[in-house]
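Structure, as structure tokens:
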Amino acid sequence: IESVASSYEVGDIILTDGSKVSVANVETYTIDKNNKPIGVVAMITDVYGVPTPKVIGLQKSASSLEWAAEDTTGEKTEFTYIICKPSQTGEGAALTATFTGDTEGSDNWEYICSIDPEGTQDAATNYPIFNFANTYGKTAGLTGTDYKNGWYVPSIAELCEVYKNKEVIQTSLTKAKGFTLGTIDYWSSSQYASGYAYAYDVGFYTGNVHYYLKEGKRYVFVLQALNAEQFN
């Protein structure tokens, strides 16, 4: 176990006390009930190469959820600030696409709240995937001040980054008693570039970058950015 202030690698397991289990030592790791894992490092830089370690939570949604409920403001609004356009879609695009627009998902919910202050008051009804992120810390039983809050739905760019790293991430998720990424479809928080009623998702079977009706249902997992003061 190494200090969280040291450099990260994809696949490192982050523990409750802020330390990490290096990906090189994951195979021999056993969970300490007094210092449980909270997530796995899923990426160490953003799409521009800036150091921004992101941790994927150990739980996905228990069922598939809507991005926004039918006939709500969220379903009928184009949230222009959170549009993130992939250079290509379709099977395999998660490995090769580049992105323009809003590639960082951590502030997407804040923006949605600013556009729809009334509807976002009842996120459980109107914005189910974002409600999952907002309540994740409590659902996952996290109590540490550093990791209880701050979980968010990844942008399409971040979702594709997780797909690229899925094998090493899955090995560490399994050792940490986390969920199985599998071959299902996951929502991003990114608004589709050409239609208000759609948002982007990725199918983890073939890396299919797609857009889907917001009122449709997909699974969701969450990310959290490690505090900038915690890494060099």
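Worth pointing out:
- Check on Glu91, farther than 21 Å from Gly11 by Cα, out of contact with any Asp or Glu (no Cβ under 6 Å at 6 or more places or on another chain) and open to solvent by 20 Å² or more (accessible area, probe 1.4 Å): yes
- Qualifying residue in the range 18-26 (condition: part of a loop (DSSP other than H, G, I, E, B), over 30 Å from Ala199 (Cβ atoms) and modelled with pLDDT of 95 or more): yes
- The residue of the range 193-222 that is nearest to the chain's Cα centre (by Cα), among those that are at pLDDT 95 or above and of a type in the set (S, T, N, Q), is Asn208.
- Scanning the range 82-130 for residues that are of a type in the set (S, T, N, Q) and in contact (Cβ under 8 Å) with a residue 60 or more places away in the chain returns Gln88, Thr89, Ser106, Asn108.
- Leu173 open to solvent by less than 40 Å² (accessible area, probe 1.4 Å) and within 21 Å of Asp17 (Cα to Cα): yes
- Search result, residues across the range 127-177 that are of a type in the set (S, T, N, Q) and closer than 18 Å to Glu104 by Cβ: Asn134, Asn149, Ser155, Asn165
- Test: residue in the range 205-217 that is part of a loop (DSSP other than H, G, I, E, B) and free of Cβ contacts under 8 Å to residues at least 60 places away in the same chain: yes
Yes or no, residue by residue, for (1) open to solvent by 60 Å² or more (accessible area, probe 1.4 Å); (2) at pLDDT below 95; (3) among the charged types (D, E, K, R):
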site	(1), (2), (3)
Asn34	yes, yes, no
Val40	no, no, no
Ile44	yes, yes, no
Val47	yes, yes, no
Thr52	no, yes, no
Gly57	no, no, no
Ser64	no, no, no
Ala69	no, no, no
Lys76	yes, no, yes
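- Identification of helices (runs of 4 or more DSSP H) wholly contained in the range 131-196 with 2 or more residues that are touching a strand residue (DSSP E or B) at 6+ places or on another chain (Cβ under 7 Å) yields 156-164, 166-175.
- Failed condition for Tyr8, given (1) farther than 18 Å from Asn149 by Cβ; (2) outside any loop (DSSP other than H, G, I, E, B); (3) touching a residue at least 60 places away in the same chain (Cβ under 8 Å): (2)
The values are calculated or read from the model by the stated rules, or taken from the named source; none is laboratory data. The structure presented is a predicted model; accordingly, all values stated were derived computationally and were not measured. Positions of Cβ are backbone-derived with ideal geometry, glycine not excepted, and every protein chain shown enters the neighbour counts. With ligands, DNA and RNA removed, areas are computed over all heavy atoms of the protein, side chains included. Shrake-Rupley method; radii C 1.70, N 1.55, O 1.52, S 1.80 Å.
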